1. Is it the case that some residue within segment 112-130 is of a type in the set (D, E, K, R) and within 17 Å of the chain's Cα centre (by Cα)?
2. For segment 34-54, give me each residue that is open to solvent by less than 70 Å² (accessible area, probe 1.4 Å) and within 28 Å of GLY22 (Cβ to Cβ).
3. Here are some residues: ASP97, ASP71. Which one is open to solvent by less than 10 Å² (accessible area, probe 1.4 Å), of a type outside the set (Ser, Thr, Tyr) and under 17 Å from the mean Cα position of the chain (by Cα)?
4. Considering segment 34-55 alone, what residues qualify as being free of Cβ contacts under 8 Å to residues at least 60 places away in the same chain and under 23 Å from VAL140 (Cβ atoms)?
5. Among the residues of segment 198-223, write down those that are touching a residue at least 40 places away in the same chain (Cβ under 8 Å) and in contact with a helix residue (DSSP H, G or I) (Cβ under 8 Å, 6 or more places away or on another chain).
6. Suppose we filter segment 129-161 for residues that are farther than 21 Å from ALA74 by Cβ, acidic (Asp, Glu) and either modelled with pLDDT of 95 or more or assigned to a strand (DSSP E or B) (or both); how many remain?
7. Would you check which residues across segment 175-213 are open to solvent by 30 Å² or more (accessible area, probe 1.4 Å), assigned to a loop (DSSP other than H, G, I, E, B) and under 21 Å from PRO106 (Cβ atoms) and list them?
Amino acid sequence: MSSQKNDSAAPAGPPAPAAASGTWKLGDLSVNRIGYGAMRLTENADGTPSDRDRALAVLRRALELGVNHIDTAAFYFSPLRSANELINRALAPYPDDLVITTKVGPGRDTWGVWHWARPEQLRGQVEENLRQLGRDHLDVVNLRVPRKETTGSISEHFGALAELREAGLIRHLGISNARPDHLAEALAIAPVVCVQNAYAVGAPREEHAFLDACGERGIAFVPFFAIAGAGREAGASGTDDHRVLGVARQHGVTAAQVRLAWTLNRGPHVLAIPGTGNPDHLADNVAAGALRLTADELALLEAPAGTGA
């Protein structure tokens with residue numbers, strides 16, 4: 001199996017829109033801070049399979065807009081679609097600067113039944129991602145923690161991934177849905193380049209503190225549900241309060257763009273991975289990387305719900 005890369009040089013031109021978000025390094029891999037999450041690729045909001053050609057077009061358009069960080073997982077699939085295989089089909093041979101991040105821990109069988117991998121099963125999940133993506137190594141692999149509130153030690157699972165990193169199957173490691181003590185435990189085993197947690201406008205104070213602590217260590221913080229917020233998998237519809245909507249009106253943008261801009265403004269180490277199967281929404285999401293909010297607007301959005309104007 002070989003890692004597919006595109007060696008052809010792109011013609012010079014103006015910076016792509018995603019570049020306006022700035023850059024951060026995941027280990028030695030530089031990425032634009034506005035990326036793309038592949039979870040929405042495989043099925044529509046009503047649960048029906050996505051249109052294959054449209055999904056492929058969204059992925060190709062993302063790269064045209066300068067996105068060079070894609071977050072995916074082998075368990076992102078519907079009865080007819082696999083996010084990894086769509087990525088492979090649309091983008092291979094991969095550009096040299098494209099960073100593909102995946103996650104392991106959860107698994108789904110062909111009927112969609114979930115299970116959690118034991119440490120010795122993680123190699124199989126890594127190899128499944130390699131096969132689907134057509135790669136000989138994975139750029140970044142996050143260990144997904146089942147329930148951060150109740151999960152104990154992650155050392156066995158993270159240690160198993162560290163061994164795969166030493167074997168050359170993985171370049172860099174991260175953790176997802178994790179607590180500060182999980183991060184400390186992982187760092188004692190191997191370098192951690194990112195923490196991927198749920199985070200959005202209205203996040204509790206302890207989540208702000210964890211984000212800041214990651215920045216102090218030079219570790220990327222990569223929020224999921226940055227647009228959806230409390231809506232989580234159901235999306236952001238009906239969850240935006242008057243503060244988000246008011247700031248959106250001031251700038252003539254959407255509430256989703258305000259949420260993304262606020263997220264990116266939380267620190268230079270914060271990366272965004274909004275997902276969509278809609279090419280228009282994709283362009284809006286990427287454009288949010290250039291949106292600059294005022295200090296007053298940032299403070300308003302960060303204040304606890306029920307406060308502020």
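1. No: segment 112-130 contains no residue that is of a type in the set (D, E, K, R) and within 17 Å of the chain's Cα centre (by Cα).
2. Passing the criteria: ILE34, GLY35, TYR36, GLY37, ALA38, LEU41.
3. The match here is ASP71.
4. If the condition is that a residue be free of Cβ contacts under 8 Å to residues at least 60 places away in the same chain and under 23 Å from VAL140 (Cβ atoms), then THR42 is the only one that fits.
5. TYR199, ALA200, VAL201, GLY202, HIS208, CYS214, ILE219, ALA220, PHE221, PRO223
6. 0
7. Correct list: ARG179, ILE189.
Residue by residue, here is whether (1) modelled with pLDDT under 95; (2) open to solvent by less than 70 Å² (accessible area, probe 1.4 Å) holds:
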| position | (1), (2) |
| --- | --- |
| ARG232 | yes, no |
| GLY238 | yes, no |
| ARG243 | yes, yes |
| HIS251 | no, yes |
| LEU260 | no, yes |
| LEU271 | no, yes |
| THR276 | yes, yes |
| PRO279 | yes, yes |
| LEU301 | yes, yes |
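The values are calculated or read from the model by the stated rules, or taken from the named source; none is laboratory data. For clarity, every value in this text was computed on a predicted model and none was experimentally measured. Here Cβ is always computed from backbone atoms with ideal geometry, including for glycine, and neighbour counts include all displayed protein chains. To get the accessible areas, we keep the full protein, side chains included, count just its heavy atoms, and leave off ligands, DNA and RNA. Shrake-Rupley method; radii C 1.70, N 1.55, O 1.52, S 1.80 Å.
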